[in-house]
Amino acid sequence: MKDQEKGKGLMEPQNSATELRALIVDDDKLVRMIHQGLLKRAGVKNEAVKNGKEAIDIHCSGQSYDIIFMDKDMPIMNGIEATKKLRSMGIESMIVGASSCNRDAEKQEFIEAGLNDYQVKPLTLEALKSILDVVKASK
């Protein structure tokens, strides 16, 4: 594959009939901006909040998302607590844990809280495409 062809087609915007919605839950403003930019480039409508409590509150207000990108370590309510709470509320969105931590024991605790997937952050274009393909296939 030629260098200029690498990545072509990876992030083509989706048509509006299959538009996905994502929620980014992360206390790091730079990570929120990076993930929002990647999702926008992929044609995914998205919003961002700073902690797990805000993620719970936005769902309680009636919002719903196809994908939730959940940081593990945040103030007020961390990603493990928020994931457990969302699952107990019946939220069936795909929840992807996104953390800078790559230790197996910590990943396992996060996964057991109810994650569908775990990625090291910040997300890459390839990881995002893989996640979006899974979500689209389940629709």
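The values are calculated or read from the model by the stated rules, or taken from the named source; none is laboratory data. Everything quoted here is computed from the prediction, not taken from an experiment. Note that each Cβ is placed from the backbone with ideal geometry, even for glycine, and that neighbours are counted across all protein chains shown. Keep in mind that these areas ignore ligands, DNA and RNA; they rest on the heavy atoms of the full protein, side chains included. Shrake-Rupley method; radii C 1.70, N 1.55, O 1.52, S 1.80 Å.
Mean-square fluctuation check for the chain, GNM, Cα pairs under 10 Å: which of ALA98, ALA127, ALA22 is largest?
ALA127
Could you tell me whether the stretch 20-84 comes out rounded, prolate or oblate from its Cα gyration tensor? Rule is a ≥ b ≥ c as square roots of the eigenvalues, rounded for a/c under 1.5, then prolate if a/b exceeds b/c, otherwise oblate.
oblate
Could you work out which residue, out of ARG103, ARG21, ARG41, moves most in a Gaussian network model of the chain, that is, has the largest mean-square fluctuation with Cα springs under 10 Å?
Judging by the Gaussian network model, the answer is ARG103.
Hey, any idea what % of the stretch 43-106's accessible area is carbon plus sulfur with a 1.4 Å probe?
Summing carbon and sulfur atoms, their accessible area is 47 percent of the total for the stretch 43-106.
In the Gaussian network model of the chain, springs joining C-alpha atoms below 10 Å, which of GLY90, GLY79, GLY43 carries the largest mean-square fluctuation?
GLY90
Checking the table LYS50/LYS121; LYS72/LYS121; LYS40/LYS84; LYS53/LYS84; LYS29/LYS72; LYS72/LYS129 against a 19 Å threshold on Cα-Cα, which pairs fail?
With Cα atoms farther than 19 Å apart: LYS40/LYS84; LYS72/LYS129.
How charged is the neighbourhood of THR83? Take every other residue with its Cβ under 11 Å from the Cβ of THR83, and add Lys/Arg as +1 and Asp/Glu as -1.
0
What number, rounded to the nearest 500 deg cm²/dmol, is the helix-based mean residue ellipticity at 222 nm of the chain, given -39500 (n - 2.57) per DSSP H run of at least four residues and division by all its residues?
Result for the chain: -12000 deg cm²/dmol, rounded to the nearest 500.
Based on the alpha-carbon gyration tensor of the stretch 20-139 and its eigenvalue square roots a ≥ b ≥ c, which shape applies: rounded if a/c is under 1.5, prolate if not and a/b is larger than b/c, or oblate?
Cα axes put the stretch 20-139 in the rounded bin.
To the nearest 10 degrees, how steeply does helix 125-138 sit against the main Cα axis of the chain, on a 0 to 90 scale?
80 degrees
Counting Lys +1, Arg +1, Asp -1, Glu -1, what net charge surrounds ARG21 among other residues with beta carbon under 9 Å of its beta carbon?
Within the 9 Å Cβ shell, the charges total -2.
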